[in-house]
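Take a look at the structure below.
The values are calculated or read from the model by the stated rules, or taken from the named source; none is laboratory data. Being a predicted model, the structure only gives us computed values, none of them experimental. Methodologically, a virtual Cβ is constructed for each residue, glycine included, from the backbone with ideal geometry; neighbour enumeration extends over all protein chains shown. Surface accessibility is based on the protein's heavy atoms, side chains included, excluding ligands, DNA and RNA. Shrake-Rupley method; radii C 1.70, N 1.55, O 1.52, S 1.80 Å.
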Amino acid sequence: MEYFLNQLVNGLCQGAIYALMAIGYSVIVGVVGMVTFTYGEIMVIGAFSAYYIFALFGNNLPLAIAAAFAGSFLIGIVVYKLCYEKFFNAPRHISLLCTIGISMLIKNLAQIIFGPETKPVLDVIENKTFTLMLGSVRLDIKLLQIVVIVLVIVLATALTLFFNKTKWGIALRAVSQNKDAAYLVGINVKRMAMIGNCIGSGFGGIAGILLCIYYYSVSATMGGIYSMKAFAASVLGGLVDIRFSALGGLCIGIIENLGIAVSAATFRDVFAFGFLILVLLIRPQGFVSKKGVRV
């Protein structure tokens, strides 16, 4: 029981990171209206932006988060200009193919610039553990896990307030729900789509740094599997609903860790994507109550 409870805590922490990845992915899909395959590489850019902040300024987490967001935000502009803007009214598969090409380009450039080897990211957050006794069961919670979960909650809350309380956020929601109607009421749809793509990319960059801190390492090739998990979590949330996409990410993290508790760590991805397939077989629309629920 003790082992399973500790794995549940690990799953909640890892699921929180997946939830942040899924939120960013859903913002991109919801506002731009197209699936992207550059998300993993955007996360890598954010992670390395933070890595070099750590190298230059020490373990300054707030500055590293700002750098990760800014680096990924800028890459989001480039991706939008190359993959979406010129093909806004073209068949969707054209932009989809463009994102695949840009993904491969960024991945190879990252290996050339940053190097192919895995780099350590150590002691960013103090290695401190809190022990909680639940009767005879001992539950160990690391300071790192608390920081990650709290940070994800704060960012998700901030994004929710942005979408509901600001002029730009409301405009982004309008574009997500109906681009033609948004255009008719005077909203610059292409500009809002670019901003939405950049915000989603920025959240991906922050998720990238959290993964580095959590696993104590960063590499130029880490983006692929996490891009697929962000996509899987978003699919569980109907692709465009950030609340249910976050829930999908949280569930995947928990299922992964509980799964490896009864098997081996090498089966982590089997449990994650097996859970996705099982849910879609039962509910093809994912966790959402109906299709078309938007950010």
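When you filter the trypsin sites (Lys or Arg not before Pro) in segment 110-163 for DSSP loop state and at most 14 other Cβ atoms inside 10 Å of their Cβ, you are left with K128. I'd like the orientation of helix 189-215 relative to the chain: the angle between its Cα long axis and the longest Cα principal axis, in ° from 0 to 90, rounded to 10. The helix 189-215 is inclined about 10 degrees to the chain.
Set against the 2.2 N^0.38 Å expectation for a compact globular protein, the chain has a Cα radius of gyration ratio of 0.99. For segment 1-53, what does the alpha-carbon gyration tensor say about shape, rounded, prolate or oblate, given a ≥ b ≥ c as the root eigenvalues, a/c under 1.5 as rounded, and a/b over b/c as prolate? In terms of gyration-tensor shape, oblate.
Sorted on the mean count of surrounding Cβ atoms within 10 Å across their residues, most packed first, peptides 185-194, 35-44 read 35-44, 185-194.
The length gained by stretching the chain between D123 and K86 to full extension, at 0.36 nm per residue less their Cα-Cα distance, is 8.9 nm. Angle of helix 2-32 to the longest C-alpha principal axis of the chain, folded into 0 to 90 degrees and rounded to 10: 10°. Modelled label positions at Y215 and I153, each set 7 Å beyond Cα in the direction of Cβ, lie 2.6 nm from each other.
Here's the list of aspartates and glutamates a cross-link from K190 could span, going by alpha-carbon distance under 18 Å and ignoring same-chain residues fewer than 8 apart: E85, D180. Cα axis of helix 268-282 to longest principal axis of the chain: angle in degrees, 0 to 90, nearest 10? Between helix and principal axis, roughly 50 degrees.
Please compute the length gained on full extension between A55 and V270, using 0.36 nm multiplied by the number of residues separating them and subtracting their Cα-Cα distance.
73.9 nm
When a/c reaches 1.5 or more, the comparison of a/b and b/c decides; with that in mind, is segment 110-163 rounded, prolate or oblate per its Cα gyration tensor? Oblate, since a/c reaches 1.5 and b/c is not below a/b. Computed from the Cα positions only, the extents of segment 199-295 along the three principal axes stand at 39, 37, 17 Å, in decreasing order. Oblate is the label for segment 215-265, because the ratio a/c of its alpha-carbon gyration tensor axes (a ≥ b ≥ c) is 1.5 or higher and a/b is not greater than b/c. For K142, the amide hydrogen comes within under 5 Å of the amide hydrogens of F130, counting only partners 5 or more places away or on other chains and with H modelled in the peptide plane.
Once the 1.4 Å probe is applied to the protein heavy atoms, the chain comes out at 46 Å² accessible per residue. Which lysines have a Cα lying under 25 Å from the Cα of K107, excluding residues fewer than 8 positions away in the same chain? Within reach: K81, K86, K119, K229.
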